[in-house]
Amino acid sequence: MTDIRWLPFLGVVLLAYAIPGPDFAVVARAAASSRAAGWRAGLGAQTGLCVHMVAAVVGLSLLISRSPTALNIIQILGGLYLVWLGISALRQTSSEGSATSDVRWFRMGLVTNLLNPKAVLFFVALLPQFVDADGALPLQIGLLGIVDVAIGLAVWAVVTAAVGRLAGGSSNSTSWNRAIGVLFIGIGVALAIEAV
C-alpha cells in the first residue's frame, strides 16, 4: 500500500480534469445558470465516478472493458444523450434555464458520467498502473478512486466559480446555453462516430 505511485497518479488525474470533456460541459452549463446548479451537476458527475469505482472494485468494469460491443453501446448512448442535452440547451431560454430543477442538474451530471466509457477504462486500464503489486488491488483501486473523486470536486468548484463569473447571471445565460449546446452536440456526435 505504501508503494502506490502517488505522484504519477496525481499528474494523470490533474491532466484528465484539465482536458474538457462531457462532464466539464455539463458542469459549465449548470454553472452558467447558478453556482448551486454547477455544484449539483459536479456532484452528480462525481457520484457517477463513484459508481464506476465500485464497479471496478467488484470486477464488473473489467468484464465490461473486455467487451468491445458493450463499450461501443455505452459510448453511442453517451453520445446520443449529449446530443439530446445540446438540443435541449439550444431550445432553452434564460428564464427556462433558471427554472431547471435541482434534481435535474444532478441527474445530468450523473448520467453523463455513467455513459462515459472512458471512465470505465480509466478504472480498469489506468489506475492499476499506479498500485502496489503486492498489495490488495480492490482496496488500492478504491483509495485511488476516492482521491480522484475528491480532486474532481475541487476542480468542479473552480469551474463553477469561473463560469458563474463569466456568465454574469441570467442576462447571459441564453448565450451560454447556445454555446454549451453546440459543445454538447459536437462532443456527442464525435463520441457516437468514434464508436461506430
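The values are calculated or read from the model by the stated rules, or taken from the named source; none is laboratory data. In this text the structure is predicted, and so the values were computed from the model without any measurement. Please note: Cβ atoms are built from the backbone with ideal geometry, for glycine as well, and neighbour counts cover all protein chains shown. Quick note on the areas: whole protein, heavy atoms, side chains included, nothing else; ligands and nucleic acids left out. Shrake-Rupley method; radii C 1.70, N 1.55, O 1.52, S 1.80 Å.
Does residue 80 satisfy the condition of being of a type outside the set (Ser, Thr, Tyr), within 18 Å of the chain's Cα centre (by Cα) and more than 25 Å from residue 195 (Cα to Cα)?
No: the conditions fail for residue 80.
Take the stretch 1-53 and flag every residue that is in a loop (DSSP other than H, G, I, E, B), within 23 Å of residue 138 (Cβ to Cβ) and open to solvent by 60 Å² or more (accessible area, probe 1.4 Å).
1, 2, 3, 5
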Q: State which residue is modelled with the lowest pLDDT when the search covers only the stretch 114-148 and only residues that are outside any helix (DSSP H, G or I) and acidic (Asp, Glu).
A: 134
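Taking the residues in the stretch 152-161 that are in contact (Cβ under 8 Å) with a residue 24 or more places away in the chain and surrounded by fewer than 17 Cβ atoms within 10 Å (Cβ to Cβ) as candidates, determine which candidate is farthest from residue 54 (Cα to Cα). Lay out the reasoning, then the answer.
We begin by selecting, within the stretch 152-161, every residue in contact (Cβ under 8 Å) with a residue 24 or more places away in the chain; these are 152-153, 155-157, 159-161.
From what is left, the residues that are surrounded by fewer than 17 Cβ atoms within 10 Å (Cβ to Cβ) are 153, 157, 161.
Values: 153: 18, 157: 24, 161: 29 Å.
If we take residues in the stretch 152-161 being in contact (Cβ under 8 Å) with a residue 24 or more places away in the chain and surrounded by fewer than 17 Cβ atoms within 10 Å (Cβ to Cβ), then 161 is farthest from residue 54 (Cα to Cα).
So, in the stretch 91-106, exactly how many residues are at pLDDT 85 or above and either more than 12 Å from residue 23 (Cα to Cα) or of a type in the set (S, T, N, Q) (or both)? Please lay out each step first, then the result.
So the first thing to find is which residues in the stretch 91-106 are at pLDDT 85 or above, and the list is 103-106.
Narrowing further to those that are either more than 12 Å from residue 23 (Cα to Cα) or of a type in the set (S, T, N, Q) (or both): 103-104.
Matching residues across the stretch 91-106 total 2.
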